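J.: Here's a structure for you.
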């Protein structure tokens, strides 16, 4: 069952920290997994395929290179889990059990852990069967337009380069790969072709933002909202797109989702 967990964190003191801590938060979550299951942590880290989790940057930091954090304020760290093994492990993640996260050498206190939308709007749990319910909906109920919020920079690897523009075939191709990597209900690869040939961007409000790569260079991504429209309407393909758009909340979109990129969600279906 895909799930999203949001940790509420408090810094130990007034400090200046890097605004981009995605690599450090990823390392902190891998250490947490390793403490409970070293073999699972090794597979999660070493597998060159699609990763079974996403990890956000610390939310609440500024846009400059460094940010000042306040011990009287709280910050958030979001983790999504796509495999049964990780989801089962996450059930044991409580503030009392965790205590602190070592993030880039600073010990952040874990104040709270939200697991559903009532506790935090970016937390939740679902099942692949529930997300795929669109495949059984009547044609009149199927949307033809989807607005997606990219809450952290989204980027794609294309022909050896980064592509920061969330074109339909890149967005839904990324979601398709992640869905078929973990869901028990496979979707056909032709979804990618439908997105490329039969969908268009009808509206967007986006700007570029940068984050560091593992080599220290800047990686550019797109941030904001983008609306996708089905131009050639077809019940089955619209159902596939609707399923993937709802899955984005848990899977993230694009490259580098384990270090803060591609945090996304469907905001509207019409």
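We did not get these values from a lab; they are worked out from the coordinates using the rules stated. Note that this is a predicted model, so its numbers are computed, not measured. Every residue, glycine among them, receives a Cβ derived from its backbone with ideal geometry; neighbour counts consider all protein chains shown.
J.: Can you show me the helix-derived [θ] at 222 nm for the chain, built from DSSP H runs with n ≥ 4 at -39,500 (n - 2.57) apiece and divided by the number of residues, rounded to the nearest 500. Intermediate values should be presented prior to the final figure.
T.: On the way: 8 runs with 80 residues, N = 270.
Helices in the chain give a 222 nm mean residue ellipticity of -8500 deg cm²/dmol.
J.: If each Cα of the range 162-222 is one equal point scatterer, what is log10 of I(q)/I(0) from the Debye formula at q = 0.17, 0.21 Å⁻¹?
T.: For the range 162-222, the Cα-only Debye profile gives -0.74, -0.91.
J.: What Kirkwood hydrodynamic radius do you get for the range 83-234 when you take the inverse of the mean 1/r over all pairs of distinct Cα atoms, in Å? Write down the numbers at each step before the final one.
T.: Values: mean 1/r = 0.0538 Å⁻¹.
18.6 Å is the Kirkwood radius here.
J.: Another question about this same structure. Ranking request for peptides 98-110, 47-59: highest mean number of other beta-carbon atoms within 10 Å first, then the rest in descending order.
T.: On the way: 98-110: 15.4, 47-59: 19.4.
Descending mean neighbour count gives 47-59, 98-110.
J.: Right, next: How big is D for the range 1-150, in µm² s⁻¹ as a whole number, if Stokes-Einstein is applied with the Kirkwood radius of its Cα pairs at 10 °C and 1.306 mPa s? If you can, show how the numbers build up before the last one.
T.: On the way: Rh = 16.9 Å.
In µm²/s, the coefficient rounds to 94.
J.: With angles folded into 0 to 90 degrees, how steeply does helix 168-182 sit against the dominant principal axis of the chain? Use alpha carbons for both and round to 10.
T.: Tilt of helix 168-182: around 70 degrees.
J.: Okay, next question. Pick from 169, 147, 85: which is most flexible by mean-square fluctuation in a GNM of the chain where alpha carbon atoms under 10 Å apart are linked?
T.: Residue with maximal mean-square fluctuation among 169, 147, 85: 85.
J.: What angle, in degrees between 0 and 90 and rounded to the nearest 10, separates the Cα long axis of helix 22-36 from the longest principal axis of the Cα atoms of the chain?
T.: In the chain, helix 22-36 runs at an angle near 80 degrees to the longest axis.
J.: So what's the Cα pair-distance distribution over the chain, bin width 5 Å, in %?
T.: 1, 6, 13, 18, 19, 17, 13, 8, 4, 2, 0, 0
J.: Right, another one. I'd like the distance between the alpha-carbon centres of the range 207-270 and the range 144-170, rounded to an integer number of Å.
T.: What the calculation gives is 5 Å, centre to centre.
J.: What spacing in nm lies between the two simple spin-label points modelled at residue 102 and residue 13, each 7 Å away from Cα in the Cβ direction?
T.: Distance between the two pseudo-spin positions: 1.8 nm.
J.: Mind checking the angle between helix 235-251 and the chain's longest principal axis? C-alpha axes, 0 to 90 degrees, to the nearest 10.
T.: 0 degrees
J.: In the range 57-136, if every C-alpha pair distance is counted and binned at 10 Å from zero, what percent goes to each bin?
T.: 13, 41, 30, 13, 4
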